[in-house]
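Inspection log for the structure reproduced underneath, given as C-alpha cells.
The values are calculated or read from the model by the stated rules, or taken from the named source; none is laboratory data. Bear in mind that the values here come from a model prediction, so they are computed numbers and not experimental data. A quick note on method: Cβ atoms are made from the backbone with ideal geometry, for glycine too, and the neighbour counts reach across all protein chains shown.
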Amino acid sequence: MTDPKHIAAGIVGGVEWQTEVSGFCRCPGEALHTLPTGKKDCRVNVDGAPTIFCFHASCAPAVAAANRKLRCAIGALAGGHWAIALPSGQVLRSGDILQGDGTVRTRAEIEAGHTSSGPAFAGPPSPQRGKGAAHERLVLETVRVMAERFKPELFEKFHWPFTQIITDSPLHVCERDAEDQFRTWLRLWPAHCHVWIGDIFSSGRPEHRTNFRPVADWYQIGPAMGNFTCGSSFKPGSFQRSNANCNGTRFLVIESDTLAKDEVGAVFAYLNRRLHFNLHAVVDTAGKSLHGWFDAPRDKRIEARLKAVLTVFGCDPKLFTYSQPVRVPGAFRDGRLQRLVWLKE
C-alpha cells in the first residue's frame, strides 16, 4: 500500500475525495458530537502535515488521537517518501502541499521560508531555530491551505447574521446611549489599565500623553478625545502608540474589510464556539464592518496559525499588530454612533 489516501481511508473509513489529497469523511469522534452531524463537517487531508479536521469541538480528543495515528502511518509509508501523480502531470511528494490553483509547493520550499501569496513566514531557519522553525513553517502552510478548503463550509455551518448577533446578545446593549455605550465598554478592561483613545495621529508627541489614561479617568472624560482605541493597554507615561509601549493586557480585535456584516459573524462564531476563543463584545463601527473583541492568544505559535487562518477567511491581518487603532464604542462617525451590539455578561 503506497497511496496515502488508502492509509487515510483505513483510519477514517470511506472518503469522498474532493481533490487528489483532500476529502470529506466520517469524524472519528462522531459519537461525541453534541450537535447534529452534517456530511461536510469533517475533512481529511493527506498533503503537508496530514490532518483530520472536524467543525465540532466535542470530538477533539478522538480527532487528536486519529491525527496522531494518521501522521505516523503516512510518515512510515514507503519510508516517508511516497508520491502521487496529479492529473496536471505534476508529482506531489510527502510533505508537499497542493495549492488551490493546482500548483504544488514543495516541502523544501516551504521549510526554507519561500513565501506564497498567503501569510508571510519567517526567514530561513537560523542555527538556533533549526528544524523546529522549518517544521512550523510547514504547519503554517498546511493550516492556510486547509482554511481555504473548508472556508465554504465555515460560512454555512457558523452562519451568524447581524440581526441575530443583536438578538443573541446576553446583555441588550445596542440601544444604549453614547455615554452608556462607552462606560459599558470600559468595563472590559481591568481597573489598572492605561487605555489609549484618540484620532489616528494622536500619538508620538509628549502632548499626546493626555490620550493615554487610566480607565478611571476615561469614566469621567468619555470618548471626547477621538473615535479610536486599541485592543492593548499601555505602560503608564506613554505618549506613543507602539507595540513597545504595550503592557501585556490585550484583546484580539477581529474585523474584515471584505466580508459583509452578515458574513463576518460566522468568523466570530467559529472562533468562539469551535476554537474556544472567549468573545467579549461585538462592535458596530458605524461603517461597513463589525469588530469582534476576543481574548488574545498567549502562545505565539497559536497566534501565527490563527493569523494564517483568519487572513484566508478575509479578515484584516493588521489587527494582529498590538497597537493597531480600532473603533471605540460611544463615539460618533459621520453622525452615526459606534456601538456595542453584543456583550458577554
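Observations, loosely collected:
- Tallying residues that are crowded, with 18+ Cβ neighbours inside 10 Å and outside any helix (DSSP H, G or I) within segment 138-168 yields 2.
- Residues of segment 273-282 that are surrounded by 18 or more Cβ atoms within 10 Å (Cβ to Cβ) and assigned to a loop (DSSP other than H, G, I, E, B): Phe277 alone.
- Residue within segment 264-272 that is in a loop (DSSP other than H, G, I, E, B) and farther than 27 Å from Ser242 by Cβ present: no
- Candidate set from segment 49-82 (those that are assigned to a strand (DSSP E or B) and among the β-branched types (Val, Ile, Thr)); member that is surrounded by the fewest Cβ atoms within 10 Å (Cβ to Cβ): Thr51
- Residue check, Val46 closer than 23 Å to His81 by Cα and of a type in the set (A, V, I, L, M): yes
- Verdict on Asp334 being crowded, with 21+ Cβ neighbours inside 10 Å and of a type in the set (Asp, Glu): no
- Candidates Val309, Val253 - the one that is under 17 Å from Leu154 (Cβ atoms) and not charged (D, E, K, R): Val309
- Residue selected from segment 8-34 under the condition hydrophobic (A, V, I, L, M, F, W, C) and more than 16 Å from Val63 (Cα to Cα), by the criterion nearest to the chain's Cα centre (by Cα): Val21
- Residue among Thr311, Thr229, Thr258 that alone is part of a helix (DSSP H, G or I) and hydroxyl-bearing (Ser, Thr, Tyr): Thr311
- Residue within segment 189-211 that is closer than 28 Å to Lys157 by Cβ, in contact with a Cys (Cβ under 9 Å, 6 or more places away or on another chain), aliphatic (A, V, I, L, M) and at pLDDT 95 or above present: no
- Subset of segment 209-225 [over 19 Å from Gly248 (Cβ atoms), surrounded by 15 or more Cβ atoms within 10 Å (Cβ to Cβ) and either under 28 Å from the mean Cα position of the chain (by Cα) or aliphatic (A, V, I, L, M) (or both)]: Met225
- Flag for Ser256 being assigned by TED's automatic domain parsing to the domain that holds Phe201 and in contact with a helix residue (DSSP H, G or I) (Cβ under 6 Å, 6 or more places away or on another chain): yes
- Residue among Ile74, Ile52, Ile11, Ile84 that is of a type in the set (A, V, I, L, M) and under 23 Å from Leu271 (Cα atoms): Ile52
- Among the residues of segment 1-46, those that are among the aliphatic types (A, V, I, L, M) and touching a Cys at 6+ places or on another chain (Cβ under 6 Å) comprise Val12, Val15, Leu32, Val44.
- When Glu20 is tested against (1) farther than 30 Å from Ser88 by Cβ; (2) modelled with pLDDT under 95, only condition (1) is not met.
- Pairs meeting the criteria (first residue in segment 245-264 and at positive phi, second residue aromatic (Phe, Trp, Tyr), beta carbons under 6 Å, at least 6 apart or on different chains) are lacking.
- Unmet criterion (only one of (1) touching a strand residue (DSSP E or B) at 6+ places or on another chain (Cβ under 7 Å); (2) of a type outside the set (Phe, Trp, Tyr); (3) more than 30 Å from Pro61 (Cα to Cα); (4) modelled with pLDDT of 95 or more) for Gly226: (4)
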